[in-house]
Amino acid sequence: MIKACIFDLDGVIVDTAKYHFIAWRQLANKLGFDFTKEYNEKLKGISRMDSLNLILSWGDVQKSDEEKVALATEKNEVYRSYILQMDKSEILPGVLPFLNDLRAQGIKMAIGSASKNAPTIIQQLDLAEYFPVIIDGSKVERSKPDPEVFLKAAAELQVQPSESIVFEDAEAGIEAAIAGGFYPVGVGDPSVLDQASVVIDGFVGLELEGLSARLLAATK
Ligand code: BG6
Ligand code: MG
């Protein structure tokens with residue numbers, strides 16, 4: 001019996017990867033190198049500092065810890081200038097009807113995201129009323145694939161992981177959901193999210209009843 005749904009934010013509720021890409025690329029270009037969209041894929045679900053370290057390694061650039069903090073802050077300012085212009089038109093197709101359906105059924109909902117900007121984005125998208133619990137990158141010590149972010153969300157919602165679905169677009173997030181004992185639903189490419197019990201290509205037409213049945217069948 002499913003009592004809660006916990007959603008990753010970036011790539012599940014909204015496509016912010018394009019803004020992360022613009023901001024990181026601008027920083028890389030300033031440091032004298034470039035990287036492609038394919039490389040940007042590797043940054044999905046990865047924390048801000050881990051992303052910076054990866055990008056610097058691609059450009060073969062060394063920086064001190066102090067310089068890294070300044071670079072990450074600079075990138076975040078550019079990123080925030082984009083997300084502060086977002087509105088609910090950027091919510092991915094089918095998400096809102098699905099959330100309304102969950103709410104009507106009394107299913108509890110939370111956000112479990114690596115992003116420290118998650119509360120701002122939820123506000124911009126006008127979704128705060130759906131998510132009384134937002135566990136973001138500033139509330140956890142360990143990043144995905146550690147299950148901490150989802151376990152904290154479940155604890156705040158007062159549900160067990162075994163009663164909860166986690167929706168994730170990143171491999172590290174699916175691993176975190178499995179490690180925490182949640183039902184993992186991948187959102188996106190089945191070849192990347194092959195550890196998920198069920199993979200959906202999006203939320204259009206999705207119904208909890210059918211999804212629960214698929215999850216039960218897949219985990220028997
Ligand atoms: C994740 C994104 O949700 O949040 C990553 O998929 C991002 O790409 C991470 O690096 C941290 O985001 P922020 O907003 O704290 O820099
Ligand atoms: Mg994501």
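Each reported figure results from applying straightforward, stated rules to the coordinates on display, with no laboratory input. These numbers were taken from a predicted model, which means no experiment stands behind them. All Cβ positions, glycine included, derive from the backbone under ideal geometry; neighbour counts span all protein chains shown.
For Cα pairs less than 8 Å apart in space and 6+ apart in sequence, what is the mean separation divided by the residue count of the chain, i.e. the relative contact order in percent? Before the final figure, lay out the partial values.
Numbers: 354 pairs, mean separation 54.3, N = 220.
That works out to 25 percent.
Residue by residue through region 40-57, which ³J(HN,Hα) values in whole Hz follow from phi under the Karplus form 6.51 cos²θ - 1.76 cosθ + 1.60 (θ = phi - 60°), with glycine and proline marked x?
Those phi angles translate into 4, 4, 6, 8, 5, x, 8, 5, 4, 5, 5, 4, 4, 4, 5, 4, 4, 5 Hz.
Non-local amide H neighbours of VAL133 (under 5 Å, H modeled in plane, Pro and chain starts lacking H): which ones?
Close amide H contacts, sequence-distant or interchain: ILE111.
Greater than 22 Å separation of Cα atoms is the criterion. Which listed pairs, LYS88/LYS152; LYS42/LYS116; LYS3/LYS116; LYS3/LYS152; LYS30/LYS139, meet it? Walk me through the intermediate numbers first.
Numbers: LYS88/LYS152 27 Å; LYS42/LYS116 19 Å; LYS3/LYS116 26 Å; LYS3/LYS152 16 Å; LYS30/LYS139 31 Å.
Going by Cα-Cα distance, LYS88/LYS152; LYS3/LYS116; LYS30/LYS139 fall outside the 22 Å limit.
Could you check the spin-label model distance between SER191 and ASP50? Points 7 Å from the Cα along Cα→Cβ, value in nm.
Those two pseudo-labels are separated by 2.4 nm.
By average Cβ neighbour count within 10 Å, what is the ranking of 112-121, 85-94, 166-175 from highest down?
Details: 112-121: 23.0, 85-94: 12.6, 166-175: 25.4.
Most protected by this proxy first, the peptides run 166-175, 112-121, 85-94.
Largest first and in whole Å, what are the equivalent-ellipsoid semi-axes of the chain based on the Cα gyration tensor, each being the root of 5 times an eigenvalue? Please list the in-between numbers first.
Working: eigenvalues 186, 64, 51 Å².
Whole-Å semi-axes of the equivalent ellipsoid: 30, 18, 16.
Please give the charge dipole size of the chain, origin at the Cα centre, charges +1 on K and R Cβ atoms and -1 on D and E Cβ atoms. Round to the nearest 20 debye.
Numbers: 22 positive and 33 negative charges, 44 e Å.
Computed charge dipole of the chain: roughly 220 debye.
Give me the angle, in degrees from 0 to 90, between the Cα long axis of helix 148-157 and the longest principal axis of the Cα atoms of the chain, rounded to the nearest 10.
With rounding to tens, the tilt is 40 degrees.
Please give, to one decimal in nm, the separation of the simple spin-label points placed at GLN160 and GLU129, each 7 Å out from Cα toward the Cβ.
Between GLN160 and GLU129, the simple spin-label model gives 3.3 nm.
Along its three principal axes, how long is region 107-220 when you only count alpha carbons? Whole Å, largest extent first please.
Computed over region 107-220, the largest-to-smallest principal extents equal 35, 29, 28 Å.
FRET efficiency for ARG142 and ALA218, Cβ-Cβ distance as r, R0 = 45 Å, nearest 0.05? Before the final figure, lay out the partial values.
On the way: r = 27 Å, r/R0 = 0.60.
Between ARG142 and ALA218 the formula returns 0.95.
Packing-wise, with mean Cβ within 10 Å as the measure, how do 56-65, 194-203 rank, highest first?
On the way: 56-65: 11.6, 194-203: 17.1.
Packing proxy ranking, top to bottom: 194-203, 56-65.
Please list 3J(HN,Hα) in residue order for region 106-122, calculated via the Karplus relation 6.51 cos²θ - 1.76 cosθ + 1.60 where θ = phi - 60°; whole Hz, with x for glycine and proline.
With coefficients 6.51, -1.76 and 1.60, one gets x, 6, 6, 9, 8, 9, x, 10, 6, 7, 6, 8, 4, x, 5, 5, 4 Hz.
Report the Cα centroid-to-centroid distance between region 1-44 and region 90-149 in angstrom, as an integer.
Using only Cα atoms, the two centres lie 16 Å from each other.
Just the Cα atoms of region 17-83: what Rg and Dmax do they give in Å?
10.7, 29
Would you mind counting up the charge near GLY137? Only other residues with Cβ under 9 Å from its Cβ, with Lys and Arg at +1 and Asp and Glu at -1. Intermediate results must be reported in sequence, preceding the final value.
Numbers: positive: ARG48, LYS116, LYS139; negative: ASP136.
Result for the neighbourhood of GLY137: +2.
Amide H of VAL166 versus every other amide H placed in the peptide plane: which residues, excluding those fewer than 5 positions away on the same chain, fall under 5 Å?
ILE6, TYR183, VAL185
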